[in-house]
Amino acid sequence: MQLATIEFARNVCKLAGANTAEIDSKTKHPVIHIMPDQAEKLAKKKYGNTMRLGSWPCVLDRQSKSFKLYGARRISERHRHRYELNNAYRERLIKAGLRLAGLSPDGHLVEIIELPQHPFFVGTQFHPELKSRPLHPHPLFIGFVAAAKQRAITGSRK
């Protein structure tokens, strides 16, 4: 999700040099950054308290592909990261066509992004591979494979 957001910001929103502060701390457009409440801990070198770990709830947009695949409005997924989508860029990303398909219950953190017109453009802040099993694949992986299969059959991006 983080790298997809950077590319969307650069190529669709035309934010030259948009990046994650993790890679370029001096970027003019830090579309991915450390959340302010975590930055203080990181500045004090308290790294263990700055990572978002474990299972966290997410509320899905009813119009999203993710909602259709999960079949539920509220899900829980496993995280392991420090950097988040910078909320200062939310409106600009949305106006350019990015769907914020999943948010934390308080609406503060973006958990899933999608491009609604794309056959399957879904990016997650969490790690779906951590809950996927050979005989019980993750819903997002099922959706991805189905979209790829549809494209192979029809030769269409729809």
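Since every read-out is calculated from the coordinates, none of them should be taken as a lab result. No experiment lies behind these values; they were computed from the predicted model shown. Quick reminder, even Gly has a Cβ in these numbers, built from the backbone with ideal geometry, and neighbours come from all protein chains shown.
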>> Angle check, please: helix 139-154 long axis (alpha carbons) against the longest principal axis of the chain (alpha carbons), in degrees 0 to 90, nearest 10.
In response: 50
>> Per 0.36 nm of contour for each residue apart, how much would the distance between residue 22 and residue 53 grow if the chain were fully extended, relative to their Cα-Cα spacing?
In response: 9.4 nm
>> Between 0 and 90 degrees, rounded to the nearest ten: what's the tilt of helix 2-11 against the longest Cα principal axis of the chain?
In response: 90
>> Which one, 115, 58, 3, is farthest towards the positive end of the dipole of the chain when Lys and Arg carry +1 and Asp and Glu -1 on their Cβ?
In response: 115
> Between residue 152 and residue 63, what is the FRET efficiency for a Förster distance of 30 Å, r being their Cβ-Cβ separation, to the nearest 0.05?
Replying inline: 0.70
>> Report, in listed order, any pair from 65/131; 95/149; 28/95; 14/131; 26/95 with a Cα-Cα distance greater than 27 Å.
In response: 95/149; 14/131
>> Helix-only mean residue ellipticity at 222 nm, the chain, DSSP H runs n ≥ 4 weighted -39,500 (n - 2.57), per residue, nearest 500. What is it?
In response: -8500 deg cm²/dmol
>> Less than 18 Å from a label point 7 Å out along the Cα-to-Cβ axis of residue 142: which backbone N atoms in the range 109-126 qualify, by residue?
In response: 120-122
